[in-house]
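Just below is one structure, and these are the notes that go with it.
The values are calculated or read from the model by the stated rules, or taken from the named source; none is laboratory data. This one's a predicted model, so the numbers in the text were calculated from it and none came from an experiment. When we count neighbours, we look across all protein chains shown, and the Cβ atoms used for this are built from the backbone with ideal geometry, even at glycine. With ligands, DNA and RNA removed, areas are computed over all heavy atoms of the protein, side chains included. Shrake-Rupley method; radii C 1.70, N 1.55, O 1.52, S 1.80 Å.
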Amino acid sequence: MEQALNSLANLGRIFLDAIGRLGRAALFLFEVVRAARVLVRRHFLVIQQVYAVGVLTLLIILVSGLFVGMVLGLQGYNTLVRFGAEESLGLVVALSLVRELGPVVTALLFAGRAGSALTAEIGLMKATEQLAGMEMMAVNPIVRVIAPRFLAGLVAMPLLAALFSAIGVLGGHLVGVGLLGVDAGAFWSQMQDGVDFNDDIVNGVIKSAVFGFICTWIAVFEGYDAVPTSEGVARATNRTVVYSSLSVLTLDFILTSLMLGEI
Amino acid sequence: MNQPRNGAAKDDVLVDIRDVQFARGDRPILKGVTMAIRRGSVTAIMGGSGCGKTTLLNLIGGSLKPDSGAILVDGISVPDLSTNDLFELRKRMALLFQTGALFTDLSLFENVAFPIREHTRLPEPILRKVVLMKLETVGLRGARDLMPSELSGGMARRAALARAIALEPMMIMYDEPFTGLDPISKGVIGKLIRELNQSLGITSIVVSHDVAETCLISDYAYLMGDGRIMGEGTPAEVQRSGSEHVRQFMDGLPDGPVPYQYPAEAYLEDLTRWNKH
Ligand SMILES: Nc1ncnc2c1ncn2[C@@H]1O[C@H](COP(=O)(O)OP(=O)(O)OP(=O)(O)O)[C@@H](O)[C@H]1O
Ligand SMILES: [Mg+2]
């Protein structure tokens with residue numbers, strides 16, 4: 001009996017905790033967005049961070065994009081050749097990348113590489129009193145540290161997803177045209193005809209922007225909200241990757257169904 | 001209003017703390033602290049670990065708010081300030097953290113330049129001169145290109161000091177400036193605190209449990225214990241004091257009014273029970 005009550009109480013505590021964190025995260029987002037206005041004058045802070053995110057993620061994005069494209073080329077060819085439609089390989093590869101794999105895989109890689117690094121960096125700054133020190137120097141850490149990183153994530157994600165898709169198409173071309181002998185002219189012309197700017201490209205960019213927003217928000221919030229010890233920062237980093245990945249996959253389903261208008 | 005006990009005239013007092021109480025949850029940390037810190041003096045606040053010294057500095061700096069009582073810095077009530085006004089006040093005071101809190105991603109030079117870049121628009125050549133002057137003061141001009149991870153504890157403390165004086169504040173609060181330093185570095189920091197106080201007229205609050213080093217450089221000393229002021233006076237007065245509590249701290253006796261043991265149940269009973277902890 002006592003045990004049942006205890007676990008019920010625990011459940012309640014966990015639930016309240018979660019609600020509290022959500023509330024804090026929302027307030028935090030509000031403050032970050034307000035602080036972002038100040039950065040119009042100090043945009044070099046944002047540019048610096050875009051550069052940092054780029055350095056962290058560019059290589060992994062390019063390599064992954066290439067291989068995902070190559071796999072798409074192989075798999076697509078194998079299926080299409082059964083219907084004698086291997087000429088459409090370019091279209092299949094491009095659509096899969098632009099609509100789905102580009103935004104989603106980039107976001108997952110982004111969360112694992114840049115997101116976790118952001119959380120760890122901010123969490124450690126908190127644990128070593130650098131954020132408190134900044135506040136004592138009359139500098140708002142939300143403006144100076146958090147908002148530039150948040151904006152950088154927003155800007156970087158769609159760019160990275162676009163790069164991922166572009167290099168993926170090249171990977172598909174490499175396998176399809178180079179290895180399996182699909183006609184190069186057909187590969188490109190089918191792609192040009194079949195990929196729609198609004199339905200495919202714009203929707204893909206919207207997805208990657210939303211994922212960038214969610215991943216960066218989670219990353220900076222977890223860092224800022226971390227328990228200021230080494231264990232606390234480790235846990236926060238962990239949470240960033242888990243929550244970001246889950247949010248990306250869930251949101252992908254919601255966004256896709258909205259965009260296709262089928263549910 | 002009571003005249004401060006250290007005989008300071010009213011506008012001579014830079015930091016005026018009156019009957020401040022502060023609790024964390026249900027646990028009272030400060031139980032009515034009154035202090036008057038004179039302009040241009042070096043004031044020591046001594047007391048055992050966990051007695052609330054850092055908490056008191058955070059209250060003065062406005063990052064915590066007291067449950068009751070008044071905190072005035074330069075005649076301004078700190079707990080009532082809006083964020084903007086608080087930031088304005090903080091440009092005129094500095095807090096040296098127990099850990100130094102240097103920015104790990106910036107070089108020593110950039111660390112010292114940070115507050116200047118944030119709050120002024122000095123052209124680069126002048127900024128460079130100012131930063132080098134501050135670094136020279138603490139003897140680290142040659143180390144300007146090192147990163148904080150490449151500094152020893154004593155150097156980091158001095159670097160943080162250089163950053164703290166970058167904007168020439170009216171007051172610096174030092175949180176445990178001597179802990180973890182060898183006797184020579186302690187002497188260097190002590191001398192720096194004194195020199196900054198004399199040459200720039202910076203009011204200094206030194207929080208420490210290093211009795212000898214602190215008494216050497218301070219004009220006035222408070223002894224805290226159990227969330228209260230246990231004694232105050234010039235360092236000589238405090239050291240001569242007859243109060244048992246003050247004696248215990250000053251002479252470093254392990255047991256006395258401050259018990260050696262954290263409150264616990266009877267020892268024998270605790271040892272002989274074996275089924276539960
Ligand atoms: N963030 C916090 N949450 C809860 N309790 C805290 C927190 N920070 C400090 N305390 C408690 O407040 C009390 C006073 O802490 P404080 O840091 O002011 O002590 P101190 O006098 O500076 O000690 P030391 O000399 O060891 O630095 C301690 O007992 C500590 O447990
Ligand atoms: Mg302390």
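Between 0 and 90 degrees, rounded to the nearest ten: what's the tilt of helix A:2-38 against the longest Cα principal axis of chain A?
The angle comes out near 80 degrees.
Count, for each residue of A:134-146, the Cβ atoms from other chains sitting within 10 Å of its Cβ, then give me the mean as a whole number. Walk me through the numbers on the way to the answer.
Working: counts 5, 8, 16, 16, 15, 8, 3, 0, 0, 1, 2, 1, 0.
The per-residue average across the peptide is 6.
Could you tell me what percent of the accessible area of segment B:150-256 is made up of carbon and sulfur, with a 1.4 Å probe and every protein chain present? Write down the numbers at each step before the final one.
Numbers: 2280 of 4270 Å².
Ligands and nucleic acids excluded, carbon and sulfur give 53 percent.
Hey, what number do you get for chain A at 222 nm if only DSSP H runs of n ≥ 4 count, each worth -39500 (n - 2.57), divided across all residues, to the nearest 500?
Values: 10 runs with 202 residues, N = 263.
Rounded to the nearest 500, it is -26500 deg cm²/dmol.
Considering only B:T43, B:T214, B:T137, give the residue with the highest GNM mean-square fluctuation for chain B, with springs between Cα atoms whenever their separation is below 10 Å.
The residue with the greatest mean-square fluctuation here is B:T137.
Between helix A:147-173 and chain A, what is the angle of the helix's C-alpha long axis to the longest principal axis, kept within 0 to 90° and rounded to the nearest 10?
Compared with the principal axis, the helix lies near 20 degrees.
Around A:V104, with a cut-off of 14 angstrom between Cβ atoms, what is the net charge of the other residues, counting Lys and Arg +1 and Asp and Glu -1? Numbers along the way, then the final one.
Values: positive: A:R99, A:K207; negative: A:E100, A:D252.
Here the count lands on 0.
Net charge around B:S68, counting only other residues with Cβ within less than 14 Å of its Cβ (Lys, Arg = +1; Asp, Glu = -1)? Don't skip to the end; give the middle numbers.
Details: positive: B:R18, B:K31, B:K65; negative: B:D19, B:D67, B:D80.
Result for the local shell: 0.
Quick check: from the Cα gyration tensor, does segment B:61-198 come out rounded (a/c under 1.5), prolate or oblate?
Values: a/c = 1.97, a/b = 1.35, b/c = 1.46.
Because a/c hits 1.5 or more and a/b fails to exceed b/c, segment B:61-198 counts as oblate.
Buried accessible area between A and B (1.4 Å probe, both chains summed, ligands and nucleic acids excluded), in Å² to the nearest 100?
Counting protein atoms only, the buried area is about 1600 Å².
Cα convex hull of segment A:168-263: mean projected area in nm², to one decimal? Don't skip to the end; give the middle numbers.
Numbers: hull surface 36.1 nm².
So the Cα hull casts an average projection of 9.0 nm².
Quick one: Cα centre-to-centre distance for segment B:112-187 and segment A:93-170, in angstrom?
Here the two parts' Cα centres lie 32 Å apart.
Taking 30 Å² as the minimum loss, tell me which residues in segment A:94-132 lose that much accessible area going from the chain by itself to the full protein complex (1.4 Å probe).
Buried by the other chains: A:E129, A:Q130.
Using a 1.4 Å probe over the heavy atoms of the protein chains, calculate the carbon and sulfur portion of the accessible area of chain A as a whole percent.
Reported share for carbon and sulfur atoms: 68 percent.
From Cα pairs below 8 angstrom and at least 6 apart in sequence, can you work out the relative contact order of chain B, rounded to a whole percent? Please report the intermediate quantities before stating the final value.
Details: 454 pairs, mean separation 62.6, N = 277.
Across chain B, relative contact order equals 23 percent.
B:V206's amide H: which non-local residues (gap 5+, or another chain) put their own amide H closer than 5 Å, with H modeled 1.01 Å from N in plane and none for Pro or chain starts?
B:T43, B:A44, B:I45, B:Y174
Which is the longest part of chain B that has none of the chymotrypsin sites (Phe, Trp or Tyr not before Pro) sitting in a DSSP loop with at most 12 other Cβ atoms within 10 Å? Could the numbers behind the result be given before it?
Numbers: sites that count: B:Y260, B:W274.
Excluding the exposed sites themselves, the longest stretch runs over B:1-259.
Excluding ligands, DNA and RNA, what is the solvent-accessible area per residue of segment A:2-260 at a probe of 1.4 Å, expressed in Å²? Could you put the intermediate results ahead of the total?
Details: 12760 Å² over 259 residues.
That works out to 49 Å² per residue.
Can you pull out the trypsin sites (Lys or Arg not before Pro) in segment B:92-149 whose DSSP state is coil and whose Cβ has at most 12 other Cβ atoms within 10 Å? Could you put the intermediate results ahead of the total?
Values: sites: B:R92, B:R117, B:R121, B:R128, B:K129, B:K134, B:R141, B:R144; in loops: B:R92, B:R121, B:R144.
The qualifying sites are B:R121.
Measure nothing fancy, just the Cα-based angle from helix A:230-260's long axis to the longest principal axis of chain A, in degrees from 0 to 90, nearest 10.
40 degrees
What relative contact order, as a whole-number percentage, does segment A:2-260 give when Cα pairs under 8 Å and 6 or more residues apart are counted? Mind dumping the intermediate values first?
Working: 337 pairs, mean separation 81.9, N = 259.
Result for segment A:2-260 is 32 percent.
A 19 angstrom limit on the alpha carbon distance is what I want to check against. Which of B:K31/B:K53; B:K31/B:K65; B:K91/B:K191; B:K129/B:K191 exceed it? Each step should come with its number before you reach the end.
Values: B:K31/B:K53 13 Å; B:K31/B:K65 14 Å; B:K91/B:K191 24 Å; B:K129/B:K191 24 Å.
Among B:K31/B:K53; B:K31/B:K65; B:K91/B:K191; B:K129/B:K191, the Cα-Cα distance tops 19 Å for B:K91/B:K191; B:K129/B:K191.
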